[in-house]
1. Give or take rounding to whole Å, what are the principal axis extents of the alpha carbon atoms in the chain, in descending order?
2. Compute a Gaussian network model of the chain, connecting alpha carbons closer than 10 Å, and tell me which residue from 128, 31, 220 fluctuates the most.
3. With only alpha-carbon atoms in the gyration tensor, what are the semi-axes of the equivalent ellipsoid for the range 106-180, in Å, largest first?
4. Rounded to the nearest 500, what is the 222 nm mean residue ellipticity of the chain from helices alone, with -39500 (n - 2.57) per DSSP H run of 4+ residues and division by all residues?
5. Under a crude label model (7 Å from the Cα following the beta-carbon direction), how far is residue 61 from residue 177 in nanometres?
6. Would you kindly state how much longer the chain becomes between residue 187 and residue 121 on full extension, computed as 0.36 nm times their sequence separation minus their alpha carbon distance, in nm to one decimal?
7. State the extension gain, in nm to one decimal, for the chain segment bounded by residue 254 and residue 133, taking 0.36 nm per residue of separation less the distance between their alpha-carbons.
8. Rounded if a/c is under 1.5, else prolate if a/b beats b/c, else oblate: with a ≥ b ≥ c from the C-alpha gyration tensor eigenvalues square-rooted, which is the range 52-171?
Ligand code: 6PG
């Protein structure tokens with residue numbers, strides 16, 4: 001089933017903010033500033049969803065170092081992941097391991113604040129359901145209710161237009177109620193666990209980080225081309241009440257018209 005096209009009327013779509021930084025390292029500094037701003041704008045617990053892949057590593061390292069580390073009260077942050085590969089937590093491909101090494105260990109984050117996806121469990125449906133339970137518990141909302149709102153969700157975009165593990169033409173794109181699902185990704189001959197569009201689109205803030213010339217064609221299609229969610233899943237990320245900011249470097253932005 002093809003995902004329902006997003007209504008084009010303006011009242012259902014918040015503006016998309018695009019910020020182009022000259023180089024990737026400048027983009028990472030700007031991203032760290034945006035994370036600090038988002039944290040400082042929220043009273044109480046700050047529920048943060050981390051992105052996987054390679055791009056965010058530099059951001060995590062920067063947040064774990066001065067002058068950024070001291071600007072956030074890390075004891076009030078709950079850490080989640082937008083997706084995870086089906087590998088153990090000590091595997092080189094693990095999104096959890098990348099964040100553990102670049103952010104969580106350097107900041108000596110308490111285990112109680114870390115909510116990783118147990119994606120090494122072969123029963124992905126159970127893993128996804130367990131993660132939904134954990135989200136509901138930490139965000140204090142009914143597990144069978146509407147998706148809750150994370151304060152900030154960090155996302156990347158793959159060269160094929162995927163985000164999290166919402167890959168083109170995969171079943172997860174059509175999920176309309178569950179917050180987390182297992183997703184078979186034939187193009188990678190693998191399975192993933194991923195947050196779904198209904199959950200991501202409840203976020204107060206979404207921040208995409210996209211760098212590199214290899215993303216330029218797809219970024220132009222996602223931001224300026226026709227709405228084709230099956231082929232370009234990143235287009236589905238349009239928070240209903242929250243904001244979405246695309247933070248990109250000039251290489252990734254090189255094909256944009258606007
Ligand atoms: C993953 C990520 C994925 C990533 C993009 C971009 O598990 O790989 O969730 O969505 O953000 O593939 O990855 P890079 O930052 O490595 O280009």
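Nothing in this text is a laboratory measurement; each read-out follows from the coordinates by a stated rule. All of these numbers come straight from a predicted model, not from anything done at the bench. When we count neighbours, we look across all protein chains shown, and the Cβ atoms used for this are built from the backbone with ideal geometry, even at glycine.
1. 44, 41, 37 Å, listed from the longest principal axis down.
2. In the Gaussian network model the winner is 220.
3. Details: eigenvalues 95, 63, 40 Å².
After scaling each eigenvalue by five and taking roots: 22, 18, 14 Å.
4. On the way: 6 runs with 58 residues, N = 258.
It lands at -6500 deg cm²/dmol.
5. Going by the 7 Å Cα→Cβ label model, 4.5 nm.
6. Numbers: separation 66, 0.36 × 66 = 23.76 nm, distance 2.14 nm.
My answer for the length gained is 21.6 nm.
7. On the way: separation 121, 0.36 × 121 = 43.56 nm, distance 4.18 nm.
Using 0.36 nm per residue and subtracting the Cα-Cα distance, I get 39.4 nm.
8. Working: a/c = 1.58, a/b = 1.22, b/c = 1.30.
In terms of gyration-tensor shape, oblate.
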